[in-house]
1. Provide a single number: the residues in segment A:168-220 that are under 17 Å from residue A:269 (Cα atoms) and in contact with a Pro (Cβ under 8 Å, 6 or more places away or on another chain).
2. Of the residues A:197, A:254, which is within 24 Å of residue B:6 (Cα to Cα) and in contact with a Phe, Trp or Tyr (Cβ under 6 Å, 6 or more places away or on another chain)?
3. I'd like to check something: does segment A:212-220 contain any residue that is acidic (Asp, Glu), part of a strand (DSSP E or B) and either at the interface with another protein chain (Cβ under 7 Å from one of its Cβ atoms) or surrounded by fewer than 22 Cβ atoms within 10 Å (Cβ to Cβ) (or both)?
4. Taking the residues in segment B:213-249 that are within 11 Å of the chain's Cα centre (by Cα) and away from every other protein chain (no Cβ under 14 Å) as candidates, determine which candidate is surrounded by the most Cβ atoms within 10 Å (Cβ to Cβ).
5. Residue B:270 - would you say it is part of a helix (DSSP H, G or I), more than 29 Å from residue B:129 (Cα to Cα), out of contact with any helix residue (DSSP H, G or I) (no Cβ under 8 Å at 6 or more places or on another chain) and more than 12 Å from chain A (Cβ to nearest Cβ)?
6. In segment A:270-280, how many are surrounded by fewer than 24 Cβ atoms within 10 Å (Cβ to Cβ) and either of a type outside the set (A, V, I, L, M, F, W, C) or within 18 Å of residue A:404 (Cβ to Cβ) (or both)?
7. Which members of segment A:217-260 meet the condition of being under 17 Å from residue B:119 (Cα atoms) and touching a Leu at 6+ places or on another chain (Cβ under 8 Å)?
8. Restricting attention to segment B:30-40, which residues are in contact with a Phe, Trp or Tyr (Cβ under 9 Å, 6 or more places away or on another chain) and more than 14 Å from every other protein chain (Cβ to nearest Cβ)?
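The values are calculated or read from the model by the stated rules, or taken from the named source; none is laboratory data. In this text, all values refer to a predicted model and were calculated from it rather than measured experimentally. Counting neighbours? That spans all protein chains shown, and the Cβs are built from the backbone with ideal geometry, glycine included.
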Amino acid sequence: MSRKTRVTVAAVATASALVLTACGGSSGEGEGGEGGDDPIQIGISLPLSGDFAEPGMGVQRGYETWAQVINDNGGLLGRQVELSIVDDASDPARVVSDYESLIAQDQVDLVFGPFSTRLVVPAARVAEEYGMLFVEPAGAAEEVFTNGFENLFYAAPAVAEDHYNLLFEYIMAMPEGERPETVGFASMDDPFAQGTAYGLRDQLVEAGVEVVVDEVYPPNATDFDAIAAAIANADPDLVVGGTQYQDAVNLIIALQQLDYQPRMAAFSTAPTNPEFPDAISEVNGILAPTGYSNDAPYPSNEEFVEAHTELHGEAPQEDEANAFTTGQVVAAAVEAVGCAEQGECQQQLIDWLRENTVDTVVGPLSWDEAGRPQSAHMILQYIDDEIQIVLADGDEGTQADLVYPKPEW
Amino acid sequence: MALVFQSVILGLLQGGLYALLAAGLTLYFGIMRVVMIAHAGFIVLGAYIAWRFTTITGLDPMLSLVITVPAFFLIGYAMQRFLIARLKPSTLTMMSVLLTFAIAMIIEGLIGLLYSGTQRRIALPYGTDSLNLFGASVPVVQIISFALAAVSLFVLYLVMKKTRFGRALRATIQNPEAAQLVGIDTNRTAGLGFGISLATAAVGGAALSLQATIWPSLHWHWIGPLLAIIVVGGLGSIPGAAIAAVALGLTQVLLEIPMGPTWAQTIFYAALFLTLMVRPHGFFGGRLAQRF
């Protein structure tokens, strides 16, 4: 390095140091301890690549819509919000280091949760170590709530085990002679999918309904002929799938091919997917639990659907809605407590959420000690090839009567 | 009993599809000692083309074969001549795994880029129809894919047994040096054989698109069972692959009754281990495997 170069480098370094010091000084002195008019920084790690990239990007869209809506309405505590989103590649190890660096190095004011039980649990652990409030949009399996987290809240109406609760209540309210007497279950070997099916199974067994088939298949299964044959052979009145998308589609078509005609058919996850009616020509009568509907009559929902459609070009689905709900839950606590920064404020936010109910796009939410939401999933049904909400908490949420027995498929 | 009969029918139909998908795979090995990891990738690509063809034109996905069979044949020929043939003969088998693994990744990436990771399924007017056979329901789409498999395998058999090209191909498989001595252009023959093998992936893809949802990484699910089938059947033997495919497909479906789907799918790997222990050159045919 020549002498001239050395001088230049030293000069640039000194100038940079001075500029940085000056910047640091101004933000510290001018705005007081509360952070003044600086934007509120929210740290989020999401699976934007890898196994969960599709739903991860859905969650990202929901968070972006929430940030835009809240900023358009004047921000949070009068300050704009800024999202710091990083990609964890669906890797539980990366999600840990992401939240570590967002909280400890970047000093974000708040954190929101990632997607999927597999990432929510390690992320919640980091947030708890730093005493941060941790509201998450997508960890519904029971193991999320049995880890003893004291900072975690799930921003959806119900945990997986409770998804079919309204359907169970409906079945129990039917006259004895009409009620399904036998039921067949097929479920993916996955905590969420199995949780939904077994929540209903255990209640039905207790109520005296006979389980005639109870199959479990691996997540990568593509051939459903044998499972469908077992179900068709036992011919239960009610068939329930603890399913994700592709397995539900393949299973339903396999059942249809064997001309098995149940009186009631319910599958989790798949029926709310926009691709579902394109993949299956006979969808009428199929039931599914859902945590969200574009048409749900909750006060903020219309604004959410409108803002989301404008920002992303299509109406929101469940992942987007749960992300938006996460934002609404945290915002309600921040507005009520009047602070949003690391430290004591976080415990105040947690304490407030333990005691209060928050109005969201998926309805009013409150939580138990472990962070389980205390509401119910709606039940939808395909009627005349359209999704209709047939069971909801309170009659004002329903759009049509449940069709039973279901039309032949 | 009704369930067992129903399962036997479904297992045989399933085995037919496996046979078609495995036939191409066993040929690559026979002709070139190439482990073609990308074969299942091409099957999924064929299925995507069939799906896209139907969504654009509204026509039956089977008609997409008019485009995909010749296209895959040309791609296979080009792949052999310009990529595989350039690998060093001494390390061919190992290097072909790496090369075709990369090709599989490229296919998966491109499909994901174009059509996202969303699962697709063609909704066919006859998608849920079935015929009644002595009390068992036989889905129409499975009959079609079985027929497709049977016709393709029969044509392949005729080509191998009855044509001059087939004789040249078999000679190339059995003894490349001797084949060259009697005037066979073994390079060109191997290229054509590779093309034919890949063309079967197009047919298999269309058959697959009729009866299952498809997504970009689906090929990883298929490649394991297919490799197991060709080892059990005897590398390089088309009848061997067909018999092993039907036997394993049928066993898998029947095992699901007592054991459930998770354990039943291990039959492919159990059969693979058993074959390697007891009869490493395969149970049906497969004199060739002794060379490795």
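1. Adding up the residues that qualify gives 7.
2. A:254
3. Yes, segment A:212-220 contains at least one residue that is acidic (Asp, Glu), part of a strand (DSSP E or B) and either at the interface with another protein chain (Cβ under 7 Å from one of its Cβ atoms) or surrounded by fewer than 22 Cβ atoms within 10 Å (Cβ to Cβ) (or both).
4. B:241
5. Answer is yes for this residue.
6. Counting residues in segment A:270-280 that are surrounded by fewer than 24 Cβ atoms within 10 Å (Cβ to Cβ) and either of a type outside the set (A, V, I, L, M, F, W, C) or within 18 Å of residue A:404 (Cβ to Cβ) (or both) gives 6.
7. A:222, A:224, A:243
8. B:31, B:32, B:33, B:34, B:35, B:36, B:37, B:38, B:39
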